[in-house]
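Inspection log for the structure reproduced underneath, given as structure tokens.
The values are calculated or read from the model by the stated rules, or taken from the named source; none is laboratory data. If you're wondering where the values come from, they're calculated on a predicted model, not measured in any experiment. FYI the Cβ positions are ideal-geometry reconstructions off the backbone, even for glycines, and counts take in every protein chain you see.
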Amino acid sequence: MNLAYTRQQSAFREEVRSWLAAHVPTEALQSFDTEAGFTQHREWEATLNEGRWGMVTWPEELGGRSCDLIEWLIFEEEYYRAGAPARVNQNGIFLLGPTLMEYGSAEQKARILPKMATGEEVWAQGWSEPNAGSDMAAIRATARREGDTYIIDGQKTWSTRAVWADWTFGMFRTDPDSERHRGLTFILVPLNSPGITIRPIPQLNGLPGFAEIFFDRVEVPVSNRLGDEGAGWSVAMATAGFERGLMLRSPARFQQTARRLVELYRANPEVGDSDPAVKDAVLRAYLDAESYCLSTYQTACRLTQGGKIGAESSTNKIFWSELDQAMHATAMSILGARAELLPHAPDAMGVGNWLDGWLFSQSGPIYAGTNEIQRNIIAERMLGMPR
Amino acid sequence: MDFTFSEDQLLFQQTVRDFLVSEVTPQRIRASWETDSGRDPKLWDQLTEMGLVGMTAPETWGGLGLSELDFVLLARECGYVALPEPLVHTALVAVPMLGALGGELAQRWLPAIAAGEATVIVGLEQNLLLEDAHRADLLLIQRGDALYALNPEQCKLRHNESVDPSRKLYAVEICDSAEPISTGAPVQAFTTAALNRGALGCAAQALGLAQRMVDLSVQYTTDRNQFGKPIGSFQAVKHHMANIAVRLEYAGAPVARAAYSIANSEPGASRHVSHAKLVACEAASLAAKNCIQVHGAMGYTWEVDLHIYMKKAWALNNTWGDAGFHKNRVSSWIFSPDAKLGAGSTFPSGA
């Protein structure tokens, strides 16, 4: 065990830091759940890609830097420290990208990954359906094969970024007689295809961060299938694994929130006098964010030395999502009567963007598989309890 | 950056675990409750033969010259079996303190400890009562800014019964004639070091205790049927267990980091230890709470083994600094103006 960075790792950190210092927009971008903000974030993805900082873990021939997980963690630390924009193409670069590298054909990789990298094509996820949420195997949207074409009918919902995205990926039932996990196929669909209707769904903050997608005889070439026909479930599990696993939420994000929370508490010391529990909650935020960082580094080191990630990765999403909620709840307590004010309200001095974070933190225990589903997975696959 | 234990360290852990699980059974622990000393000399001999008792002592004094980082995984295994013998105390607290004191004390006592011929117990004011003082051949006792090295004749012991029958606790009264071996600033340094090592031992054992309670409860809820199926198949029961697994999963790395920081004299060692003790003891407390619940009435009995581990977890929570003490150590740092917090601040040469 050696908990110091190597000279190369420190040099890498310096390189990231100085590039970000020169390129991160000085004025915050608008939310990527507005049309203008979406465009701004798409442009930022292109800027990142020009510096080869878009997907540092991707291989060099795809515009990445072949970084290992420790370098990825360092990159993320600098990224969050710099206050760089949120990643509008997260569904693409962190979820579909790794899945494509594992299951995609050479032709698919060459066709899809470069445009994903530049932000020219932004991806929405298409997991859920109205009757297939936690029970994802209940998917009913169909893809009927006619020669070299799939004809897609049905509906997806809660599709993050679908309002302005260019593509979606998801599972469709290719075998009409199949049930549950069998007979599903993973297909990539351009959202400008004839027959597609997108209905935006406003989220808690009023912005359309997700949408319903209706498919009415949408034709997609068979070359847009990822993996074998009928093998969609195992492809999707790999994707979901990336989502719940190490790379969806790096510790840096929560450590920055914990830091801001300590600063908020220090700026409002009278709160601790009237409610000592608040100080304890701030301490807990620091400890848990630090624990999350330590554990992630430990796992990353184990994986870079050839170890495998197991069912224990399901603990990850529960830990950070509940931490995020708790930290924002504490911030709301500190802000007191101002906590409910929107940032532009005339008397909302000093509220920062805590309210927006508080709203978003409500979604953490729900998306990427609810925390109840994660707890079932932990109990059954990690602890070996009976089904 | 390498946050992994070496193959040797992991192999040693496995060897010790296999030994402890087969030797330190709940039956043997219960048998020890029936003896006067509560301790098992044969078991101590076995631990000595394995080199565990003196392993952190320098080789010149009969030890293996290994570090806190080498021992921390073994301390976890001691927790897993709720080992009553003072192995963690000896290897993590007493031996390093004697090593730091050096001189005649080290020369006289370290080889005797490593040979299994003597037991040395360290008592700080922080701990109201001393475990295993009745077996001590030498007591190193801190009072204020004075440190005493006492033979058993130089102090009076008053036995206090614990809820955990494995814990043999004593109030120590120092005879008036005793003279301190050290006073002032050096004592402060010895005290802090001993406190950190004691707290690290608690944290590591708490991880093992939590794991044992989980293992017992997974087994119980798999075997126990109600409504025609194992109770472990019900989500309410599963989620109790999953909640422990989450807290336990994220307590391991802080404990490893604390051991590393002590072994390498990192400047943040004290707060790293406090972090580790807080989260590991919380994981064990949650394990106790949820595991008794999933055992139902059986968990509330003397007969079922769960209480062996549960009671030890409760006790460790408040020894070598209670939660309030350790929270204050961390929060006085995070609320200080020069604290570096946020992304990239976790490891020293980072941001």
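Some values worked out for this structure:
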| read-out | value |
| --- | --- |
| Tabulated pairs, region A:111-130, first charged (D, E, K, R), second crowded, with 23+ Cβ neighbours inside 10 Å, C-beta under 8 angstrom, 6+ apart or interchain | A:Glu121/A:Gly92; A:Glu121/A:Trp167; A:Glu129/A:Ile139; A:Glu129/A:Lys156 |
| Subset of region B:50-66 [among the small types (Gly, Ala, Ser) and either touching a Ser or Thr at 6+ places or on another chain (Cβ under 6 Å) or at negative phi (or both)] | B:Gly54, B:Ala57, B:Gly63 |
| Any hit, region A:210-219, residues being touching a residue at least 24 places away in the same chain (Cβ under 8 Å), crowded, with 19+ Cβ neighbours inside 10 Å and closer than 30 Å to A:Thr57 by Cα | yes |
| Selection count, region B:293-351, where residues are of a type in the set (Ser, Thr, Tyr) and under 27 Å from B:Gln126 (Cβ atoms) | 5 |
| Among residues of region B:155-207, those that are crowded, with 16+ Cβ neighbours inside 10 Å, polar (S, T, N, Q) and within 20 Å of B:Leu105 (Cα to Cα), counted | 2 |
| Top-ranked residue of region B:97-144 - restricted to ones that are of a type in the set (D, E, K, R) and more than 17 Å from B:Trp44 (Cβ to Cβ), ranked as farthest from the chain's Cα centre (by Cα) | B:Glu104 |
| Filtered residues of region B:4-41 (kept if among the aromatic types (Phe, Trp, Tyr) and not in a loop (DSSP other than H, G, I, E, B)) | B:Phe12, B:Phe19, B:Trp33 |
| Which numbered condition A:Ala300 fails, given (1) crowded, with 19+ Cβ neighbours inside 10 Å; (2) modelled with pLDDT under 95; (3) touching a Gly at 6+ places or on another chain (Cβ under 9 Å); (4) not acidic (Asp, Glu) | (3) |
| Residue in region B:42-49 that is surrounded by fewer than 20 Cβ atoms within 10 Å (Cβ to Cβ), aliphatic (A, V, I, L, M) and in contact with a Ser or Thr (Cβ under 8 Å, 6 or more places away or on another chain) present | no |
| Residue in region A:364-380 that is of a type in the set (Asp, Glu), under 20 Å from B:Asn243 (Cβ atoms), out of contact with any Phe, Trp or Tyr (no Cβ under 8 Å at 6 or more places or on another chain) and at the interface with another protein chain (Cβ under 8 Å from one of its Cβ atoms) present | yes |
| Any hit, region A:59-72, residues being more than 14 Å from chain B (Cβ to nearest Cβ), of a type in the set (A, V, I, L, M, F, W, C) and under 29 Å from B:Thr346 (Cβ atoms) | no |
| From A:Ala82, A:Ala11, residue being of a type outside the set (D, E, K, R) and either farther than 30 Å from A:Ala162 by Cβ or more than 14 Å from every other protein chain (Cβ to nearest Cβ) (or both) | A:Ala11 |
| Filtered residues of region B:1-17 (kept if under 21 Å from B:Leu87 (Cβ atoms) and either of a type in the set (Gly, Ala, Ser) or at the interface with chain A (Cβ under 10 Å from one of its Cβ atoms) (or both)) | B:Phe5, B:Gln9 |
| Boolean, A:Val189 is more than 26 Å from A:Glu372 (Cβ to Cβ) and part of a loop (DSSP other than H, G, I, E, B) | no |
| Sole residue being at pLDDT 95 or above, touching a strand residue (DSSP E or B) at 6+ places or on another chain (Cβ under 9 Å) and of a type in the set (Phe, Trp, Tyr), chosen from B:Tyr220, B:Tyr170, B:Tyr250 | B:Tyr170 |
| Cβ-Cβ under 6 Å pairs, at least 6 apart or on other chains, region A:327-353 side part of a loop (DSSP other than H, G, I, E, B), far side of a type in the set (Gly, Ala, Ser) | A:Leu341/A:Ala348 |
| Test: residue in region B:233-242 that is touching a residue at least 24 places away in the same chain (Cβ under 8 Å) and of a type in the set (Gly, Ala, Ser) | no |
| Among (1) β-branched (Val, Ile, Thr); (2) closer than 30 Å to A:Gln305 by Cα; (3) more than 18 Å from the chain's Cα centre (by Cα) - the single one B:Val16 does not satisfy | (3) |
| Condition check for A:Arg52: of a type in the set (Lys, Arg), more than 19 Å from A:Glu120 (Cα to Cα) and over 18 Å from the mean Cα position of the chain (by Cα) | no |
| Residue match in region B:317-327 (condition: facing another protein chain (nearest Cβ under 9 Å), more than 30 Å from B:Thr222 (Cβ to Cβ) and surrounded by fewer than 24 Cβ atoms within 10 Å (Cβ to Cβ)) | yes |
| Enumeration of residues in region B:328-338 that are assigned to a loop (DSSP other than H, G, I, E, B) and either buried (at least 17 other Cβ atoms within 10 Å of the Cβ) or more than 9 Å from chain A (Cβ to nearest Cβ) (or both) | B:Phe335, B:Ser336, B:Asp338 |
| Pair list, Cβ under 7 Å, 6 or more apart: region B:147-166 residue free of Cβ contacts under 8 Å to residues at least 24 places away in the same chain, other residue aromatic (Phe, Trp, Tyr) | B:Arg158/B:Tyr170 |
| Exclusive hit being more than 29 Å from B:Thr4 (Cα to Cα) and exposed (fewer than 14 other Cβ atoms within 10 Å of the Cβ), set A:Ala345, A:Ala281, A:Ala326 | A:Ala345 |
| Qualifying residue in region A:218-234 (condition: under 26 Å from A:Glu35 (Cβ atoms), under 18 Å from the mean Cα position of the chain (by Cα), at pLDDT 95 or above and outside the structural domain of A:Cys301 (by TED's automatic domain parsing)) | no |
| Residue match in region B:29-52 (condition: more than 14 Å from chain A (Cβ to nearest Cβ), touching a strand residue (DSSP E or B) at 6+ places or on another chain (Cβ under 8 Å) and not hydroxyl-bearing (Ser, Thr, Tyr)) | yes |
| Pairs, first facing chain B (nearest Cβ under 7 Å) in region A:295-322, second in a helix (DSSP H, G or I) and acidic (Asp, Glu), C-beta under 6 Å, six or more apart | A:Glu312/B:Glu249; A:Thr315/B:Glu249 |
| Residue that is more than 10 Å from chain A (Cβ to nearest Cβ) and either over 14 Å from the mean Cα position of the chain (by Cα) or assigned to a helix (DSSP H, G or I) (or both), where the choices are B:Ala256, B:Ala313 | B:Ala313 |
